[in-house]
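Step one of this worksheet: look at the structure below.
Every read-out reported here was derived from the displayed coordinates using simple, explicitly stated rules and does not represent laboratory data. Just so you know, these numbers come straight off a predicted model, no measurement behind them. Cβ coordinates were reconstructed from backbone atoms using ideal geometry, including for glycine residues, and neighbour counts include every protein chain displayed.
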Ligand code: TYM
């Protein structure tokens, strides 16, 4: 079966609706057809300043959210990045074949450094996409299900893997991004010009663990557009389009069907229906997360099993890379 790898950072808010619709839901759907590896990327989460206790807690909560979102630890390999040392080890090698200019062109870093200045940011944030490439290449990954904002990182992964293969001999599988168009970029409810994001936070974000009343309120006060028609038109009606796409994604109803059902009805009706559909997803999700967090020992044991399965794949890949690159094989 083709191999799938993806991950999310255990930082900021817990997962938000964009993470869920753009990534997690896709991950769950891929489990039957693919050999799936899903990682809580805690190494990535320390690149911009963090609190150690909060990070530990967040990593467990993120793993619980993966499971609540439909990741089955029996069918998928679910693990925490720092439990598998090969990620950091391969990242070093890849860093040595990455151009400085090439890394400087990564837009996530550029945006951040642009906002805070290069003095306000870290080398870890700069090399972040290289660590991400290591995550992906270690598992001979064919497909990487992510949102649109990760496309460039997957592209860099392909470039680095291809460069390594050309220089040192066939070693890595080159992955493709898997980015379903409709949910590739869920927008901020208050600012539909921007994607929903942890770093933006604010009342335009739906945190999956928010109080259901807050979720409802935020959806009902979403910014819509002028006019009154409920149609998908990303250019002129980004706010309404976002709501229709969210409704379609959580209910499985086709966009065209939703447009048809809302003919002649107003934005208020749309918001009401979106709120109730999102709550139908979020309420059972939260219940499941709470149950899982009630037994942290069980969760930790499950993550230990995942790490061991992950290492069985990652270690031979790293060994292969070590040999190709010319490191002396220890006697
Ligand atoms: P992260 O933690 O920022 O986001 C996790 C996933 O959620 C997607 N996403 C969205 N999708 C649609 N609409 C949105 N508004 C939205 N916001 C976030 C992201 O595209 C992502 O798929 N660098 C990665 C984590 C990572 C990774 C990896 C991913 C590390 N190693 C290896 C894939 C493979 C990140 O920061 O994602």
Looking at the structure I just gave you, is residue 285 surrounded by 13 or more Cβ atoms within 10 Å (Cβ to Cβ) and closer than 19 Å to residue 69 by Cα?
yes
Considering only the range 13-72, state which residues are in contact (Cβ under 8 Å) with a residue 60 or more places away in the chain, over 16 Å from the mean Cα position of the chain (by Cα) and closer than 22 Å to residue 180 by Cα.
34
Given (1) within 16 Å of the ligand (Cβ to nearest atom); (2) farther than 30 Å from residue 250 by Cβ; (3) in contact with a helix residue (DSSP H, G or I) (Cβ under 8 Å, 6 or more places away or on another chain); (4) in contact (Cβ under 8 Å) with a residue 40 or more places away in the chain, residue 102 misses just (1)
For the range 28-42, give me the residue count where each residue is within 9 Å of the ligand (Cβ to nearest atom) and either over 16 Å from residue 306 (Cβ atoms) or surrounded by fewer than 24 Cβ atoms within 10 Å (Cβ to Cβ) (or both).
1
Condition first: assigned to a helix (DSSP H, G or I) and more than 14 Å from residue 18 (Cβ to Cβ). Now tell me which residues in the range 239-253 satisfy that.
239, 240, 241, 244, 247, 248, 251
Quickly run through the range 254-266 and pick out the residues that are surrounded by fewer than 19 Cβ atoms within 10 Å (Cβ to Cβ) and assigned to a helix (DSSP H, G or I).
255, 256, 257, 259, 260, 261
Report every pair of residues separated by at least 6 positions or lying on different chains whose Cβ atoms are under 6 Å apart, first residue within the range 126-143 and without any contact (Cβ under 8 Å) to a residue 60 or more places away in the chain, second outside any helix (DSSP H, G or I) and more than 11 Å from the ligand (Cβ to nearest atom).
130/98
Across (1) more than 17 Å from residue 136 (Cβ to Cβ); (2) more than 9 Å from the ligand (Cβ to nearest atom); (3) out of contact with any strand residue (DSSP E or B) (no Cβ under 7 Å at 6 or more places or on another chain), residue 86 clears everything bar (1)
Can you spot a residue in the range 170-191 that is more than 9 Å from the ligand (Cβ to nearest atom) and assigned to a helix (DSSP H, G or I)?
no
Can you confirm whether the range 4-25 contains a residue that is more than 8 Å from the ligand (Cβ to nearest atom) and over 25 Å from residue 283 (Cβ atoms)?
yes
Residue check for residue 149: assigned to a loop (DSSP other than H, G, I, E, B), touching a helix residue (DSSP H, G or I) at 6+ places or on another chain (Cβ under 8 Å) and more than 30 Å from residue 291 (Cα to Cα)
no
It is to be established whether one or more residues within the range 199-222 are more than 15 Å from the ligand (Cβ to nearest atom), on the phi > 0 side of the Ramachandran plot and assigned to a loop (DSSP other than H, G, I, E, B).
no
